[in-house]
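Chemist: Got a structure here, written out as structure tokens. Questions coming.
The values are calculated or read from the model by the stated rules, or taken from the named source; none is laboratory data. Computed from a predicted model, the values in this text were never measured in an experiment. Cβ placement follows ideal geometry from the backbone for every residue including glycine, while neighbour counts extend to all protein chains displayed. Heavy atoms of the whole protein, side chains included, go into the accessibility calculation; ligands, DNA and RNA do not. Shrake-Rupley method; radii C 1.70, N 1.55, O 1.52, S 1.80 Å.
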Amino acid sequence: MTNSSAVIKTNPNHTAATHHVIHSEMLLFKIKSLQDLYKDEVMTIKDMNKLARLLLKHHSPATPDPLKQYDICQNKLQVGVYCLTCGSLPLLRSKGAWICPVCKTASKDAHLYTLNDYYLLIGSVITNKRLRWFCNISSRSIAAKLLTSLDLKQSGMQKKSYL
Ligand SMILES: [Zn+2]
């Protein structure tokens, strides 16, 4: 914490935070106390660099598939853009905005959260048809406008698919 006049308070259930959050003027003392506590060299800088290269070499991005993991069919998903205020589903599209029929909240970008869910649940490729299904909209032109607004990279593998 660089603001020296800031008061660091912790939740009584999370007192460990007092060991991890300190004022910046205490940083050198903290480093010294850690050096005193951990005197034995476990790994040389050379070994750490070697390990870092090995980890980077064998890194592969995570590709979780929660639907497969929890044995859920795509057609069992509740689709539609949901309300960020009250969680209702689905919002209605009207005059370029999403309107919640329950709390009447209007949003211009509520679909972004739904499309983030699509990305996490279904994958990184979406088509106009898939967007209409997942966002529960019937208009091809509105779906096309939403896809265009996302500025996604168009893939050549499938007609009008986006990554
Ligand atoms: Zn709502």
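Chemist: Leaving out ligands, DNA and RNA, and with a 1.4 Å probe, what % of the accessible surface on the chain is carbon or sulfur?
Modeler: On the way: 7370 of 12840 Å².
The computed percentage sits at 57.
Chemist: Could I ask something else about it? Using amide H atoms built 1.01 Å from N in the peptide plane, name the residues 5+ places from Val81, or on other chains, whose amide H lies under 5 Å from its own.
Modeler: Answer set, sorted by chain and number: Leu91.
Chemist: How high is the relative contact order of the chain, in percent, with contacts defined as C-alpha pairs under 8 Å that are six or more residues apart?
Modeler: Working: 141 pairs, mean separation 21.4, N = 163.
Contact order relative to length: 13 percent.
Chemist: Next question, about the same structure. For the stretch 66-162, max minus min Cα coordinate along each principal axis, in Å, sorted largest first?
Modeler: 40, 32, 19
Chemist: How do the peptides 108-120, 20-32 rank, highest first, by the average count of neighbouring beta carbon atoms within 10 Å per residue? Numbers along the way, then the final one.
Modeler: Values: 108-120: 16.2, 20-32: 11.2.
Descending mean neighbour count gives 108-120, 20-32.
Chemist: Then there's this: Please calculate how many Å² of accessible area the stretch 1-59 carries per residue, with a 1.4 Å probe and no DNA, RNA or ligand atoms counted.
Modeler: Values: 5790 Å² over 59 residues.
That works out to 98 Å² for each residue.
Chemist: Next up: Evaluate the relative contact order of the stretch 66-162 (contact order divided by residue number), counting alpha-carbon pairs under 8 angstrom at least 6 apart; express in whole percent. Intermediate values should be presented prior to the final figure.
Modeler: Values: 113 pairs, mean separation 21.1, N = 97.
Over the stretch 66-162, the number comes to 22 percent.
Chemist: Once the mean 1/r over all distinct Cα pairs of the chain is inverted, what Kirkwood radius in angstroms do you read off?
Modeler: 21.0 Å
Chemist: I'd like to compare 133-141, 36-44: which one has the highest average count of other Cβ atoms within 10 Å, and what's the full order after that?
Modeler: Values: 133-141: 15.8, 36-44: 7.6.
Result, highest mean first: 133-141, 36-44.
Chemist: Right, here's the next one. With respect to the cross-link table entries Lys9/Lys30; Lys76/Lys145; Lys129/Lys153; Lys9/Lys39, which display a Cα-Cα separation exceeding 22 Å?
Modeler: Over 22 Å apart, Cα to Cα: Lys76/Lys145; Lys9/Lys39.
Chemist: Hey, what number do you get for the chain at 222 nm if only DSSP H runs of n ≥ 4 count, each worth -39500 (n - 2.57), divided across all residues, to the nearest 500? Don't skip to the end; give the middle numbers.
Modeler: Details: 7 runs with 63 residues, N = 163.
Calculated at 222 nm, the ellipticity per residue is -11000 deg cm²/dmol.
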